[in-house]
Amino acid sequence: MRHPLLAALPTLALALTPGAGAAQTALQLRWELSSDSNAVFTLTNRDTKPLPPSGWAIYFSALHSADSGSVGAGFAIQDVMADLHRIVPGASFTGLASGASIAIPYVTQPLHNRSFAPAGPYIVFDAAKDVGVPLSDYVAASFERAQDVVTPEAQFALDSVIHDVPAGELPPVFPTPLQVTKGTGELRLNALPQVTAGPELANEAPFATEYLRPYFRTGGKGSGPPLRLEVGAVEGQSSPEAYELVIDPAAGVRVVGVSAAGVFYGLQSLRDLLPSPAPSPRGGLVLPAIRVVDAPRFGYRGFMLDVARNFQAKPAVLRTLDLLARYKLNVFHMHATDDEGWRVEIAGLPELTAVGARRGHTLDSKQFLQPAFGSGPQVDRPWGSGFFSHTDYVEIVRYATARHIEVIPEIEMPGHARAAIKAMEARFRAAGDRQYLLTDPEDRSVYRSVQGYPDNVMNPALESTYGFIERVVGDLAAMHREAGAPLRHIHMGGDEVPAGVWVGSPAVQTYMQTHGLKSVDDLWFAFYGRIEQILKAQGLVPSGWEEIAVRKTRRDGRPATIVNPGFAERGWRAYVWNNVPRWGAEDLAYRLANGGYDVVLSPVTNYYFDLAWNPNPDEMGLDWGGFIDLRKPFQFIPFDYYRNAGADSVFVGKDRLTDYGRAHIVGIQGNLWSETLGGDGRLDYMMVPKLFGLAERAWAPQPDWARERDPVRSASLYREAWSRFVNVVGRRELPRLDREVPGLGYRIPTPGLKVENGMVRCSLELPGFTVRYTTDGSEPTVRSPEVRGPIPLRGTVRVAAFNTTGRKGHTAHGSAP
């Protein structure tokens with residue numbers, strides 16, 4: 001599923017060098033939000049020449065445009081397409097003298113955080129309409145909101161349920177395992193142990209040696225107890241990913257997995273038991289005697305990364321795969337195509353990346369796509385432009401496979417396909433080649449997608465559409481075979497096809513008459529029936545967003561959706577995101593599972609990691625489906641998620657999961673859409689620590705608080721589980737990532753504050769961070785005093801948390817009255 005467009009903040013300092021025909025200019029642009037919806041652009045002319053009264057426009061990206069008639073100072077703000085808008089001078093504007101400024105106020109929808117600010121502005125002169133000149137001197141001012149925010153006092157109240165848990169009382173490995181039996185004594189290793197493993201564990205043995213080596217003075221093997229890796233049965237466990245880990249003071253370490261994947265996860269748990277390596281290896285390692293028997297709750301434990309909207313380069317993808325493997329997630333769903341970008345090279349279709357993987361200022365999207373999400377006017381710049389070459393993609397698949405992660409590519413269709421459509425139109429214009437054309441040139445249909453595109457849907461009546469899909473699927477399957485990991489699943493999109501498509505296409509009208517179809521809605525089933533045949537030739541079964549599994553109809557004269565039984569009988573898999581209370585589809589996932597569809601739960605209310613942490617303006621991310629902090633992924637109850645919303649009448653009469661349906665819930669997935677990921681560190685910030693909640697709920701057994709029906713008892717058990725979880729994350733896992741993944745820019749918790757009797761008490765959602773403060777109004781630094789108790793309230797108290805590398809989180813502050 002998709003969500004509304006959003007511009008990311010500017011990320012690049014771009015030179016202001018107009019092309020031929022553009023008047024020389026040097027403009028400064030400032031944007032401010034004076035209230036939730038009242039905004040102003042301030043334009044200052046820093047050039048020695050006046051800015052003319054007409055003949056130019058300033059383009060920018062933003063989720064929300066200006067309200068009609070609200071723009072002042074004689075200007076207009078026009079919607080270009082999707083999230084691209086432009087400021088145009090009106091007849092009353094007389095120009096801007098050198099050194100002069102003008103304020104351009106307007107009213108927009110309420111803006112909640114810094115991700116909603118206009119981004120990527122550039123100027124275009126009528127004399128050179130195909131040249132966009134970046135406005136490098138641009139600042140979107142930070143802003144505050146007085147209402148609907150999580151205040152320091154509110155954060156303190158949230159944190160008040162957390163208590164410190166001694167390390168010895170925490171689960172020794174993460175995610176929480178099925179069984180842990182602590183033994184007597186310790187295993188002492190004075191040298192790197194000899195790793196013994198069969199040929200089927202050729203990937204796992206080097207992995208074990210690699211992470212053990214830093215603990216020993218030399219790389220030589222010792223003569224002590226070995227580390228034995230074996231594939232075999234694990235008593236009482238049928239999952240192919242089950243393992244048993246035994247550390248014995250005399251016999252050494254033994255990891256048995258039902259499969260190589262089980263051995264790999266056992267080694268990850270062994271890694272959890274290792275102490276921090278000393279700065280200088282001392283040649284020794286002490287491990288506690290222990291036995292762990294473990295297996296995942298769900299066979300599908302997924303994470304989706306959108307590389308289409310804003311491109312995420314290969315190093316970021318590989319690091320993401322390492323994180324998924326570290327926490328026993330086993331599916332990487334790559335959202336590789338969308339309206340704003342096609343990100344995988346396909347042999348024989350170079351236009352897909354030459355046109356569809358590039359963004360810049362354009363009037364017609366014939367050579368590349370228009371700017372989006374603040375990517376700006378310059379072509380081939382990071383985030384807006386970029387793709388994985390054939391070699392890159394094969395490397396990604398191999399890298400994931402070595403870590404027992406399945407790569408599922410997603411090719412969006414028939415909607416969200418603008419990048420592919422424009423690329424194939426360019427091919428048609430260049431060579432007259434209709435073989436892969438995705439649109440009917442005679443189509444006069446009028447529609448607009450949720451994101452504002454009037455031209456982003458493939459035409460299902462064209463044979464060339466299926467020729468294109470067959471070519472793409474075949475090449476993806478070939479790349480997976482080359483990587484030694486045959487393609488098992490492919491995600492075919494299927495969401496958000498807008499009303500009005502196809503009705504004005506002569507090709508569609510002919511197709512409907514030939515096949516006896518009464519409505520364009522029936523084209524959906526003809527389209528996916530053909531898709532199914534294309535995939536069948538590759539040994540694949542379709543997967544897609546929830547829309548592939550439903551049929552549009554009407555109930556009591558109103559639009560309604562019902563489960564489409566036909567595709568369920570053929571083994572299709574539906575990824576269901578919509579469970580938002582009062583949207584009407586709260587029970588859709590359960591209805592589909594009860595109807596026989598294999599269902600991956602990826603609910604927006606708990607696992608859309610692109611949603612902002614909370615409503616505070618200094619956060620980033622979207623807010624259309626609520627807010628996602630660390631609690632939301634952790635508290636999700638897959639088989640009874642109505643309980644996550646509390647006692648609410650909106651669920652009365654909704655379908656509940658049957659025993660039959662429960663067997664069709666194959667797993668859960670976190671989704672990270674990339675509209676706001678247009679800069680370094682943003683991927684890390686939005687993914688971690690939310691990823692820990694996903695990993696725990698996907699792997700660990702159902703918690704006791706979710707089984708308990710008594711609400712008071714359940715709440716008490718939940719508080720204890722939550723305290724254990726945040727202690728594991730804050731005291732053990734994040735410090736480990738500080739050591740193992742240098743530069744990982746995860747979100748550091750913001751302190752809570754409470755004023756009592758002239759003193760400021762501080763709290764922190766994740767124990768284990770160093771909290772520092774100032775009382776003179778300045779920002780805390782690593783040299784500021786550490787919080788060791790209540791702080792006297794004088795002046796302005798500012799408090800922030802720091803991780804083990806000295807990186808700082810957001811600041812909380814309070815002032816004396």
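The values are calculated or read from the model by the stated rules, or taken from the named source; none is laboratory data. These numbers come from a predicted model, not from an experiment. Note: ideal-geometry Cβ built from the backbone for every residue, glycine included; neighbour counts use all protein chains shown. Accessible surface areas use protein heavy atoms only, side chains included; no ligands, DNA or RNA. Shrake-Rupley method; radii C 1.70, N 1.55, O 1.52, S 1.80 Å.
Pairs are defined by a Cβ separation below 6 Å, a sequence spacing of at least 6 or placement on different chains, a first member in the stretch 776-790 that is on the phi > 0 side of the Ramachandran plot, and a second member that is part of a strand (DSSP E or B); the pairs so defined are Gly777/Thr796. Yes or no: Gly494 touching a Gly at 6+ places or on another chain (Cβ under 8 Å), within 26 Å of Phe373 (Cα to Cα) and not in a helix (DSSP H, G or I)? When the stated conditions are applied, Gly494 passes them. For the stretch 702-722, residues that are within 30 Å of the chain's Cα centre (by Cα) and open to solvent by 50 Å² or more (accessible area, probe 1.4 Å) total 5.
Against the definition (part of a strand (DSSP E or B), touching a residue at least 24 places away in the same chain (Cβ under 8 Å) and over 30 Å from Gln147 (Cβ atoms)), how does Val88 come out, yes or no?
Working: part of a strand (DSSP E or B): yes; touching a residue at least 24 places away in the same chain (Cβ under 8 Å): yes; over 30 Å from Gln147 (Cβ atoms): yes.
Answer is yes for this residue.
Val80 satisfies every condition listed in (1) more than 10 Å from Tyr106 (Cβ to Cβ); (2) part of a loop (DSSP other than H, G, I, E, B) except (2).
For the stretch 148-267, give me every one of the strands (runs of 3 or more DSSP E) that falls completely inside it and has 2 or more residues that are loosely packed, with under 13 Cβ neighbours inside 10 Å, at negative phi and touching a residue at least 12 places away in the same chain (Cβ under 8 Å). Those strands (runs of 3 or more DSSP E) span 179-189. Scan the stretch 462-488 for residues that are part of a loop (DSSP other than H, G, I, E, B) and under 19 Å from His416 (Cβ atoms) and report the count. So the count comes out to 1. For the residues Gly341, Gly386, the requirement of being open to solvent by 10 Å² or more (accessible area, probe 1.4 Å), farther than 19 Å from Arg86 by Cβ, touching a residue at least 12 places away in the same chain (Cβ under 8 Å) and in contact with a Phe, Trp or Tyr (Cβ under 8 Å, 6 or more places away or on another chain) singles out Gly386.
Within the stretch 662-677, the set of residues being open to solvent by 30 Å² or more (accessible area, probe 1.4 Å) and either of a type in the set (Ser, Thr, Tyr) or part of a helix (DSSP H, G or I) (or both) comprises just one member, Arg662. Of all residues in the stretch 355-367, none that is within 15 Å of Arg427 (Cα to Cα) has its Cβ atom under 6 Å from the Cβ atom of a residue that is acidic (Asp, Glu), 6 or more apart or on another chain. Applying the criterion of being in contact with a Ser or Thr (Cβ under 6 Å, 6 or more places away or on another chain) and farther than 24 Å from Asp126 by Cα to the residues of the stretch 25-69, the residue that is least open to solvent (accessible area, probe 1.4 Å) is Ala39.
The residues of the stretch 636-661 that are at pLDDT 85 or above, under 19 Å from Asp704 (Cβ atoms) and open to solvent by 30 Å² or more (accessible area, probe 1.4 Å), listed by number, are Phe639, Arg643. In this entry, Lys328 is excluded by the filter for residues that are open to solvent by 10 Å² or more (accessible area, probe 1.4 Å), in contact (Cβ under 8 Å) with a residue 40 or more places away in the chain and part of a loop (DSSP other than H, G, I, E, B).
Looking only at residues in the stretch 459-481 that are within 30 Å of the chain's Cα centre (by Cα) and open to solvent by 10 Å² or more (accessible area, probe 1.4 Å), the one that is farthest from Pro350 (Cα to Cα) is Arg481.
Taking Arg551, is it open to solvent by 30 Å² or more (accessible area, probe 1.4 Å) and modelled with pLDDT of 95 or more? Before the answer, list the steps.
Numbers: open to solvent by 30 Å² or more (accessible area, probe 1.4 Å): yes; modelled with pLDDT of 95 or more: no.
Judged against the criteria, Arg551 is not a match.
Residue check: Val71 meets all listed conditions (1) part of a loop (DSSP other than H, G, I, E, B); (2) at pLDDT 90 or above; (3) under 25 Å from Arg359 (Cα atoms) but one, namely (3).
Restricting to the stretch 107-146, give me the number of residues that are assigned to a loop (DSSP other than H, G, I, E, B), open to solvent by less than 70 Å² (accessible area, probe 1.4 Å) and closer than 17 Å to Leu29 by Cα. So the count comes out to 8. Here Glu395 fulfils each of the conditions (1) part of a loop (DSSP other than H, G, I, E, B); (2) surrounded by fewer than 24 Cβ atoms within 10 Å (Cβ to Cβ) apart from (1). Quick test for you: out of Asp684, Asp680, Asp618, Asp629, pick the one residue that is crowded, with 18+ Cβ neighbours inside 10 Å and in a loop (DSSP other than H, G, I, E, B). One residue alone meets the criteria, Asp629. Would it be correct to say that Arg444 is over 24 Å from Asp495 (Cα atoms), open to solvent by 10 Å² or more (accessible area, probe 1.4 Å), of a type in the set (D, E, K, R) and out of contact with any Leu (no Cβ under 6 Å at 6 or more places or on another chain)? Taking the combined requirement at face value, the residue does not satisfy it.
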